[in-house]
Amino acid sequence: MDFGLKGKKALVCGASKGIGASCAKVLAASGARVLLVARNEAELQLRLQELPGEGHDYLALDLSDLKSVRSEIPLKVKAYGGFDILVCNAGGPKAGSLLSATPEEFIKAFETHVLASSYLAQVVTPNMKKNNYGRIINIISTSVKAPIPNLGVSNTIRAAVASWAKTLAHEVGSFGITVNNVLPGYTKTSRLETLKMNTAEKQNISEAEVESMWLLQIPAKRFGEPEEIANAVAFLASPLASYINGINLPVDGGRTQSL
Ligand code: NAD
């Protein structure tokens, strides 16, 4: 589907696989010129070749390494002449209970998800303000509506990102910039496989049993495809979503029970 993004420039984080890679593909298919950001250069090169359209590039970067983020990102912002779309996304924090989490796990998650996003927003918004057009979309989790058991650090950090995003939405809303969060439900990526394995181990059941248990919670009776998350991101990135600002949008087949 074409979301009408011809001429727009998009910086997509966590873009070497999963939801981020799908976002990059859908945005590129809609005409955007994309910068892929993730840690693994070999995977980024493969993703780059798969993108439709021209003028795309990649940057191998660990978002938890703020020193590198601060030195590398401005060079790409300059090379692209600014970005219209920023997709903040990275791997989810390690699963586990809050009582077993180490301070280092909290710090790494805070750096990767809050500090990196905040810095990226600071460097992309000047150009967005100039053009009176900007879209900042954060991939977080349905845990901002209902915390998920055994995801202690993740639940805590997602709430911080949601609060950061809402605050930013107010700060930039008068400049044609929107800031929204997309909350994926169970989506078929490597993250889902890791969580399935972890849950099976913790509950001493098979992975097939975990899968059946999860599917029971989803009215759609299936897991999501990464493209289904990416389609929501592309819509929010488009001019069509100009009056949607500061929301948390679950894309979860109806699983989240809260209103
Ligand atoms: P994934 O593990 O398949 O992909 C994560 C991407 O982020 C990869 O490209 C990876 O290389 C990159 N990445 C990870 N850490 C990074 C870092 N420090 N710096 C730069 N890049 C980094 O995960 P996914 O399933 O695509 O999930 C994306 C986000 O959505 C995660 O935050 C995840 O927790 C969240 N989420 C996923 C699901 C799901 O079911 N898949 C559900 C809810 C929320």
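All of the numbers you see were taken from the coordinates with simple rules; none came from a lab. Note that the structure is predicted; figures quoted are calculated from it, not measured. With ideal geometry, Cβ positions are generated from the backbone for all residues, glycine too; neighbour counts draw on all protein chains shown.
Annotations for the structure displayed:
- Looking at the range 205-252, the chymotrypsin sites (Phe, Trp or Tyr not before Pro) that sit in a DSSP loop and have at most 16 other Cβ atoms within 10 Å of their own Cβ are TYR243.
- Rounded Å value of the spacing that divides the Cα centres of the range 1-31 and the range 145-206: 20
- Sum of -39500 (n - 2.57) over DSSP H runs of 4+, divided by residues of the chain (222 nm, nearest 500): -14500 deg cm²/dmol
- Kirkwood hydrodynamic radius of the chain, from the reciprocal of the average inverse Cα-Cα distance over all distinct pairs: 18.4 Å.
- Available extension along the chain between TYR243 and LEU98 is 48.5 nm, counting 0.36 nm per residue and deducting the alpha carbon span.
- Cα-Cα over 30 Å, subset of LYS67/LYS196; LYS9/LYS188; LYS25/LYS67; LYS67/LYS129; LYS130/LYS166; LYS8/LYS188: LYS67/LYS196
- Seen against the Cα atoms of the chain and their longest principal axis, helix 41-50 is set at about 70 degrees.
- Taking every C-alpha pair closer than 8 Å and separated by at least 6 residues, the mean separation divided by the residue count of the range 82-172 gives a relative contact order of 46 percent.
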